[in-house]
Every structure is written in C-alpha cells, then in structure tokens.
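Chemist: If you scroll down you'll find the structure; I have some questions about it.
The values are calculated or read from the model by the stated rules, or taken from the named source; none is laboratory data. Computed from a predicted model, the values in this text were never measured in an experiment. Ideal geometry is used to build each Cβ from the backbone, glycine not excepted, and the neighbour counts take in all protein chains shown. For accessibility, only protein heavy atoms count, side chains too; no ligands or nucleic acids. Shrake-Rupley method; radii C 1.70, N 1.55, O 1.52, S 1.80 Å.
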Amino acid sequence: MVPFSFSGHDLVALPQAALFWPARKALLVADLHFEKASWFARFGQMLPPYDSEATLADLEALIAATDARELWCLGDSFHDSAGSERLSDAARTKLAVLTDTLDWTWITGNHDGALGADCGGRIMEEAEVDGLLLRHEADPAEPRPELSGHFHPKLRIRVRGKGVSRRCFVATTRKLILPAFGALTGGLDAGHPEIARAVGADAEALVPVNDRLLRFPLAA
C-alpha cells in the first residue's frame, strides 16, 4: 500500500477501489449498489442475483487485509431504498456481522436516500471527520476538503494500441472522488464534463497498481 497526502492526511488508494485511512484504521468505499440485480429483475431484465454477496465477500476480504476498525460507505450502498428488504438470508447475515463488528456508517446517496435502519450501523446524510467532509456527491461550491463517490470514475486510455479501462480515483487539492466498489456497477469516464464540473481544474486520475500510485492529468 502506497500512501498519498490529501489535505494534510495520509491516505491509501487501494487497487480494490477503496480508500484506507491508516490513522483511523478506517476503510472508505462508495457506490456498493447492493441488490442492483434484483432491482433490474423487477422490470424483466434478468441478471445473476449474486451481486450483493459478491460485493460483501470483497468487502470482507479487504477489511481483513487492512484490519479496519471503521467503515464509511459514501452513498448509494443500495441500488434503491428498498434494497435492504431484498437481501438474501446469507447476505443479510454477513452484513449484520460486519455492522456489529465495525464502527459502520452509511452516508446516504441519491439511490438510497430513504435507507431504513434495518441494516445496522448509523445513517447520516454527510459527516465531517477530522476536517474531511464525507458525502455522496461532490459539491462544486464546497470549500472544505471533501471525499465523495457518485460518479463511478474510470480511466480509459490506449496502451500499445489497445483500449484499457480501470476504476480510478479523481483528485484535486480539495476534492477526492472514489470509484464504485460494487460488483455490478458501470463507470463514467474520469474526464467527463460532469466530473470536471464537480471537482474543478487541475484534476488527476489516480490508479493504484501493486506498490505504485499512477497519476494521469485530466483535461479541464
């Protein structure tokens, strides 16, 4: 893990599309989108119904690898506000163990703004933690340093004539957008005008690769 500095804090961008905050032993993830497949199934689009369990398994592995004590979900943890009601028994049990074990906080997003309290943990619209603002969607007018999700950024480049797409973080001196962690999530090009509008000028795409953090300037 290679730390980088953001607004005076040492953070670690993980290849698994999560952020680790060593000083707090905190793991931050965005856009889990639990029960996305079951939501689509209601409208006749049948997808493999294992996205929640796969996402939870990835999360369990990362918690064990980092020895995290806190877990912050930066919004759209469920694909819709009723998603928690559709969890399988296995996924519900696994989630209950995690929320009981860790200091777990759900930040609500545009998909799960009416999230109920049956998931364990605490539910907040946003939070300020040690001077960093945690919310779902970046606010272009926010002057405080801010961590968010929402856009599912991906870096798309060509390498040796082949197109390559990787989940990435988008960073400026005051804003840091996390990639989507969920097993069944798409992505928006990191250079998209909506991302540029949210973070402002001089943004970089950060791509963690093994023991390196690759930085790619993004056009304003």
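Chemist: Return the calculated 222 nm mean residue ellipticity for the chain, to the nearest 500 deg cm²/dmol, obtained by summing -39500 (n - 2.57) across DSSP H runs with n ≥ 4 and dividing by the residue count.
Modeler: Working: 4 runs with 42 residues, N = 220.
Value at 222 nm, helices only: -5500 deg cm²/dmol.
Chemist: Placing +1 at every Lys and Arg Cβ and -1 at every Asp and Glu Cβ, with all other atoms neutral, what dipole size does the stretch 87-187 have around its Cα centre, in debye to the nearest 20?
Modeler: Dipole magnitude for the stretch 87-187 comes out near 1060 debye.
Chemist: Given H placed 1.01 Å from N in the peptide plane, which residues other than close sequence neighbours of GLY109 have an amide H under 5 Å from its amide H?
Modeler: The answer is ASP76, SER77.
Chemist: Excluding GLY200 itself, what net charge comes from residues whose Cβ is under 13 Å from its Cβ, given Lys and Arg +1 and Asp and Glu -1?
Modeler: -3
Chemist: I'd like the FRET efficiency for VAL129 and ARG197, computed as 1/(1 + (r/R0)^6) with the beta carbon distance as r and R0 of 41 Å, rounded to 0.05.
Modeler: The computed FRET efficiency comes out at 0.95.
Chemist: Heavy atoms only, probe 1.4 Å: what % of the accessible area of the chain goes to carbon and sulfur, would you let me know?
Modeler: Accessible surface attributable to carbon and sulfur in the chain totals 52 percent.
Chemist: Report the one residue of PRO179, GLY83, ASN210 whose Cα lies farthest in the direction of the positive end of the charge dipole of the stretch 4-217 (charges on C-beta: Lys and Arg +1, Asp and Glu -1; origin at the Cα centre).
Modeler: ASN210
Chemist: Summing Lys, Arg as +1 and Asp, Glu as -1, what charge do residues with Cβ under 12 Å from the Cβ of PHE6 carry, PHE6 excluded?
Modeler: It works out to a net charge of -2.
Chemist: Just to be sure I understand: with springs between alpha-carbon atoms less than 10 Å apart, which residue in PRO179, PRO143, PRO153 has the highest mean-square fluctuation in the Gaussian network model of the chain?
Modeler: PRO143
Chemist: Ordered by residue, what ³J(HN,Hα) values in Hz, to whole numbers, does the stretch 26-33 give under the Karplus form 6.51 cos²θ - 1.76 cosθ + 1.60, where θ = phi - 60° and Gly and Pro are x?
Modeler: The phi angles translate into 10, 10, 10, 9, 9, 6, 6, 6 Hz.
Chemist: To the nearest 10 degrees, how steeply does helix 51-66 sit against the main Cα axis of the chain, on a 0 to 90 scale?
Modeler: 60
Chemist: Now, a different point. With all protein chains present, calculate the accessible area of LEU19 using a 1.4 Å probe and round the result to the nearest 10 Å².
Modeler: In the full protein context, LEU19 sits at about 0 Å².
Chemist: Pairing the Cα long axis of helix 89-101 with the longest principal axis of the chain, what angle in degrees results, from 0 to 90 and rounded to the nearest 10?
Modeler: So the inclination is approximately 60 degrees.
Chemist: So which of LYS94/LYS175; LYS25/LYS94; LYS36/LYS162; LYS25/LYS154; LYS36/LYS154 end up more than 24 Å apart by C-alpha? Intermediate values should be presented prior to the final figure.
Modeler: Working: LYS94/LYS175 32 Å; LYS25/LYS94 21 Å; LYS36/LYS162 30 Å; LYS25/LYS154 26 Å; LYS36/LYS154 19 Å.
Check vs 24 Å cut-off fails for LYS94/LYS175; LYS36/LYS162; LYS25/LYS154.
Chemist: Please figure out what share of the DSSP beta bridges in the stretch 4-217 is antiparallel and state it in percent, rounded to the nearest 5.
Modeler: Approximately 60 percent, going by the DSSP bridge assignments.
Chemist: How many angstrom lie between the Cα centre of the stretch 105-183 and the Cα centre of the stretch 196-211?
Modeler: Going from one Cα centre to the other spans 12 Å.
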